[in-house]
1. To make sure I understand the rule: partners must be lysines, Cα under 22 Å from the Cα of residue 73, and not fewer than 8 residues away in the same chain. Which ones qualify?
2. Nearest 0.05, what FRET efficiency do residue 133 and residue 223 give at R0 = 35 Å with Cβ-Cβ as r?
3. Under a cut-off of 25 Å between alpha-carbon atoms, report the lysines in cross-link reach of residue 128, not counting same-chain residues fewer than 8 places apart.
4. Would you kindly derive the ³J(HN,Hα) couplings of the range 153-159 from the backbone phi angles with the Karplus curve 6.51 cos²θ - 1.76 cosθ + 1.60 (θ = phi - 60°), listing them in order in whole Hz, with x for Gly and Pro?
5. Using a 1.4 Å probe on the protein heavy atoms only, what accessible surface does residue 151 show? Give it in Å² to the nearest 10.
6. How much length is gained on full extension from residue 306 to residue 331, taking 0.36 nm per residue of separation minus their Cα-Cα distance?
7. I want to verify the translational diffusion coefficient of the range 251-339 in µm²/s; compute it with Stokes-Einstein, Rh as the Kirkwood radius over Cα pairs, at 25 °C and 0.890 mPa s.
Amino acid sequence: MTANQIRPWGPGPRNAITDVAGLMVGQASDARVKSGVTVLSADAPFTAAVHVMGGAPGTRETDLLASDKTVQKVDALVLSGGSAYGLDAAGGVTDALRAAGRGYRAGPVRVPIVPAAILFDLLNGGDKDWITNPYKALGQTAYEALGETVEIGSVGAGTGAFTAGLKGGLGTASVTLPSGHVVGALVAVNALGTATVGAGPHFWAAPWELGTEFGGRGVAQDFPEPHEPLTKMTMLERMALRGNTTIGIVATDADLSQAQCTRLATAAHDGFARALVPSHTPADGDLIFAAATGAKPLRDAEADALILCHAAATVMARAISRGVHAARPAAEDPFPCWQDRFG
């Protein structure tokens with residue numbers, strides 16, 4: 001296998017997870033609460049899996065995604081802010097899917113399958129003194145907004161997200177492979193670690209950037225000591241230790257089994273490690289769903305699987321950096337945006 005065979009051709013026309021034909025994304029944000037919800041769905045159920053590497057995950061229906069479980073396909077995947085409160089977002093999506101006649105058939109009843117993951121954004125300056133949990137309504141609104149255009153930055157599940165020292169955000173990216181398969185990523189970046197090198201503008205994921213999709217600053221020339229991202233945190237930044245989490249989805253049009261999707265999600269975690277330092281900490285709930293529409297068969301199962309996993313890691317790293325790069329300021333933000341500091 002040559003280097004060119006494992007080198008992606010380039011991004012899809014939207015540079016978004018919706019370059020995987022059939023997938024749609026919907027988002028809803030609440031500026032007052034400073035939080036939101038992002039939903040991935042399709043016109044038909046799709047194969048899905050999950051892999052968790054953080055120490056503090058918050059999830060719904062992820063046990064169902066093991067390859068030995070009865071249900072192999074899902075109707076939607078949900079990424080939400082709000083910590084445990086955000087798990088209600090999946091209820092809103094479930095209601096909307098049932099109203100549309102979607103879901104696993106259980107006798108006369110339809111039961112939509114909607115796994116979800118949440119991130120911790122309760123200390124970001126938004127008004128969290130609600131009487132009624134807002135996330136179920138946000139989930140339904142996000143589902144109703146499903147489409148092929150994916151806004152990035154301070155939107156959806158990334159509305160109130162932060163990293164150590166910079167505002168986080170919602171990112172997406174895609175790549176078309178020599179086999180003709182498409183791989184895309186969607187991620188809400190809310191990490192304990194940093195997405196940039198030291199105090200400068202350069203992203204850790206710079207070696208994987210395509211064009212100038214997150215600023216084109218290239219690779220940093222001076223690197224901090226490995227311990228600096230933690231030892232040089234301010235007290236404000238250390239507040240993030242109470243809860244973080246970067247949550248994402250990697251998707252492809254390849255015809256993959258649930259076991260193969262699990263391997264794709266596992267490989268995509270390398271993208272977290274390439275783009276966030278440190279990643280997968282005990283205080284992060286880092287999690288990646290994988291989704292496969294099955295539209296395109298594998299030509300060579302072993303070779304194609306290798307390339308798909310390589311692409312999953314690189315596209316996830318790019319999506320993370322794009323989310324941070326695109327973040328925009330809001331009132332009472334604890335940290336600045338990349339654009340405010342370096343743009």
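1. Partners within reach: 296.
2. Computed FRET efficiency for residue 133 and residue 223 comes out at 0.20.
3. 34, 136, 167
4. 3J(HN,Hα) across the range 153-159, in whole Hz: x, 8, 8, x, 5, x, 3.
5. Rounded to the nearest 10, that gives 110 Å².
6. 4.5 nm
7. So the translational diffusion coefficient is about 168 µm²/s.
The values are calculated or read from the model by the stated rules, or taken from the named source; none is laboratory data. Owing to the predicted nature of the structure, the values given are computational and were not obtained by experimental measurement. When we count neighbours, we look across all protein chains shown, and the Cβ atoms used for this are built from the backbone with ideal geometry, even at glycine. These accessible areas exclude ligands, DNA and RNA; they are computed on the full protein's heavy atoms, side chains included. Shrake-Rupley method; radii C 1.70, N 1.55, O 1.52, S 1.80 Å.
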